[in-house]
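Participant: Sharing a structure with you now.
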Amino acid sequence: MLLVEESEVVDDVTAKGKYTIKGDEFFLQGHFPGNPVVPGVILCEMMGQASCCLLADKVKDCTPYFTKMNNVKFKNPVKPGDTLESVCTLTKNRGPFYFIDAKGYVDGKLCVSAELSFALVENK
């Protein structure tokens, strides 16, 4: 499931991504009836996918797997018609582990933030 429509590496430690919620996505079905809101786990996945732009040159023959999500905070709901803009900053790496500070905005308003970590696991 691709949840990034646009992404770019800004510099060595920062990437940005965008996804516009159309309203017909599977994850909105039943969440919530009559008041569709993007589930928090999907917002984290959107930021995670945007984060992987930072790992693009490191993932040859590897897959980046989520290993942890810390301090996840949801500030404002994201709804159909909104464009989530992710800003992801690599804060450190230790061996195959990469740690990223991610924030998601709609119209400049913070909606979600999290500390994400990934492990690059060799494909077999």
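Participant: Explain nothing, just the number: dipole magnitude of the chain about its Cα centre with +1 on each Lys and Arg Cβ and -1 on each Asp and Glu Cβ, in debye rounded to the nearest 20.
Facilitator: Once rounded to the nearest 20, the dipole reads 400 debye.
Participant: Let me ask you something else. So for the chain, taking the charge dipole from beta-carbon charges (+1 Lys/Arg, -1 Asp/Glu), which of Pro36, Val106, Ser117 sits furthest toward the positive end?
Facilitator: Projecting each Cα onto the dipole axis, the largest value belongs to Ser117.
Participant: In whole Å, how far is the Cα centre of the stretch 1-37 from that of the stretch 56-87?
Facilitator: Here the two parts' Cα centres lie 9 Å apart.
Participant: Highest mean first, how do 55-62, 111-118, 96-103, 34-41 rank when packing is the count of other Cβ atoms within 10 Å averaged over residues?
Facilitator: 111-118, 96-103, 34-41, 55-62
Participant: Per residue of the stretch 13-30, in order, report the coupling 6.51 cos²θ - 1.76 cosθ + 1.60 (Karplus, θ = phi - 60°) as ³J(HN,Hα) in whole Hz, putting x for Gly and Pro.
Facilitator: Calculated HN-Hα couplings, in order: 10, 10, 10, 10, x, 9, 8, 9, 7, 7, x, 9, 5, 4, 6, 8, 5, x Hz.
Participant: Still on this structure, I have one more. Got a sec? Charge dipole of the chain, +1 on Cβ for Lys and Arg, -1 for Asp and Glu; which of Gly23, Tyr65, Leu55 is way out at the positive end?
Facilitator: Tyr65
Participant: If I take R0 = 22 Å and measure r between the Cβ atoms of Val72 and Thr20 in this structure, what FRET efficiency does the formula 1/(1 + (r/R0)^6) give, to the nearest 0.05?
Facilitator: On the way: r = 22 Å, r/R0 = 1.01.
Efficiency, rounded to the nearest 0.05: 0.50.
Participant: Regarding the chain, what is the average projected area of its C-alpha convex hull, in nm²?
Facilitator: Details: hull surface 31.4 nm².
Computed as one quarter of the Cα hull surface, the answer is 7.9 nm².
Participant: First select every other residue whose beta carbon is under 13 angstrom from the beta carbon of Lys73; then total the charges, Lys and Arg +1, Asp and Glu -1.
Facilitator: So the surrounding residues net to 0.
Participant: Next question. If you line up the long axis of helix 40-51 against the longest principal axis of the chain, both from Cα atoms, how many degrees apart are they, to the nearest 10?
Facilitator: 40
Participant: Sticking with this one: Could you tell me which of the pairs Lys22/Lys68; Lys18/Lys79; Lys22/Lys109 are separated by over 26 angstrom between their Cα atoms in the structure shown? Mind dumping the intermediate values first?
Facilitator: On the way: Lys22/Lys68 28 Å; Lys18/Lys79 14 Å; Lys22/Lys109 19 Å.
The pairs that break the limit, which is 26 Å between Cα atoms, are Lys22/Lys68.
A short reminder: the numbers here are calculations on the coordinates, not readings from a lab. Just so it is clear, the structure is predicted and the values come from calculations on it, not from any experiment. A quick note on method: Cβ atoms are made from the backbone with ideal geometry, for glycine too, and the neighbour counts reach across all protein chains shown.
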